[in-house]
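Asker: The structure's right below; bear with me while I get my questions together.
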Amino acid sequence: MLKKFGGGLELTTLAAIPSGSGLGTSSIMGAVLLAVIHRLIGRDLTPGELFHKVLQLEQALTTGGGWQDQIGGVLPGVKMITTEPGLVPDPLVHYVPADVLDPRSNGGTTLLYYTGIRRLAKNILRYVVGRYLDRDEATMETLAELHAFPPRMAEAMSRKDVRKFGELIDLAWRLNKRIDPDSTTPEIEAVLARIRRRVHGAKLLGAGGGGFLLIVCRSETDAAAVRATLEKHPPNPRARFFSFDIGDCGLQVTVC
């Protein structure tokens, strides 16, 4: 590929979120770089080709990722992603309304809080996959519950049921902790205990262990109280709230 360019290639990247965030940035950045490089040589990848190339890249890098994060980042909106069993995933994307998640639509009752704790998803994924391959009974039962979870969440979002949405977020967090107790820490549990009575649910995003916390508050008043509490008593100096919304464009490659 470098011979086609006639020399080396310098890439400059910017991701305005902390590393170890749990937001899937490694797979999303991989998708961006692959899309840009292929565009430079005059080839636009289909979404399916791009998704699979990111999976190949992540596995080559031994991160254990690349299965779904790039799909969430490349395509716009909120969606439920499913695949059939097999080594080569063929994702099916089901779009759902964003109202209960998007703070622009729900009065700001959903909050995104950076805990200030970095974690490496690779280690957590290795532990979970290891227990799956061992056919650990408790792990298999929890994975079965997680498998049945997305359609329930999609239904709650399609009905724009904020309370059910929050309760399912909380259920997902409990299942995460059951499958891997190290997905949480005493510091994170202390944060959750401090805001518990004002939220429908909350969970760490991604594999857990740190990164960003999604919080679904009971009302706009509760959201303001949660924000004030955590701004006054952060778990560490790095912790802070991030503004967010739901992207409606997806991946865009512009040639200057």
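The values are calculated or read from the model by the stated rules, or taken from the named source; none is laboratory data. What you see is a predicted model, and the numbers here were worked out from it, not measured in a lab. Positions of Cβ are generated from backbone atoms using ideal geometry, with glycine treated the same way; all protein chains shown enter the neighbour counts.
Asker: With the structure loaded, tell me whether LYS160 is in the same structural domain as GLU137 (by TED's automatic domain parsing), outside any helix (DSSP H, G or I) and surrounded by fewer than 18 Cβ atoms within 10 Å (Cβ to Cβ) or whether it fails that test.
Answerer: Yes.
Asker: Sticking with this one: Taking ASP102 and the conditions (1) in a loop (DSSP other than H, G, I, E, B); (2) at pLDDT below 95; (3) under 23 Å from LEU204 (Cβ atoms), which numbered condition does it fall short on, given that it satisfies the others?
Answerer: ASP102 satisfies all of (1) in a loop (DSSP other than H, G, I, E, B); (2) at pLDDT below 95; (3) under 23 Å from LEU204 (Cβ atoms) except (2).
Asker: What are the residue pairs meeting all of these: first residue in segment 62-85, first residue closer than 22 Å to GLY208 by Cβ, second residue of a type in the set (Asp, Glu) and in a helix (DSSP H, G or I), Cβ atoms under 7 Å, and 6 or more apart or on different chains?
Answerer: GLY65/GLU58; GLY66/GLU58
Asker: Here's another thing I want to ask about it. If you take the residues in segment 61-83 that are of a type in the set (A, V, I, L, M, F, W, C) and modelled with pLDDT under 90, which one is nearest to HIS94 (Cα to Cα)?
Answerer: Among those that are of a type in the set (A, V, I, L, M, F, W, C) and modelled with pLDDT under 90, it is TRP67.
Asker: To continue, here is another question. Among LEU230, LEU168, which is under 14 Å from LEU112 (Cβ atoms) and either assigned to a helix (DSSP H, G or I) or without any contact (Cβ under 8 Å) to a residue 60 or more places away in the chain (or both)?
Answerer: Answer to the selection: LEU230.
Asker: Count, please, the residues in segment 179-227 that happen to be assigned to a loop (DSSP other than H, G, I, E, B), in contact (Cβ under 8 Å) with a residue 60 or more places away in the chain and under 24 Å from TYR127 (Cβ atoms).
Answerer: Adding up the residues that qualify gives 8.
Asker: Going residue by residue through segment 28-51, is there one that turns out to be surrounded by fewer than 17 Cβ atoms within 10 Å (Cβ to Cβ), β-branched (Val, Ile, Thr) and under 30 Å from PHE241 (Cα atoms)?
Answerer: Taking every residue of segment 28-51 in turn, none turns out to be surrounded by fewer than 17 Cβ atoms within 10 Å (Cβ to Cβ), β-branched (Val, Ile, Thr) and under 30 Å from PHE241 (Cα atoms).
Asker: Just to be sure, is VAL32 in contact (Cβ under 8 Å) with a residue 12 or more places away in the chain, closer than 27 Å to LEU213 by Cα and within 15 Å of the chain's Cα centre (by Cα)?
Answerer: On the way: in contact (Cβ under 8 Å) with a residue 12 or more places away in the chain: yes; closer than 27 Å to LEU213 by Cα: yes; within 15 Å of the chain's Cα centre (by Cα): no.
Answer is no for this residue.
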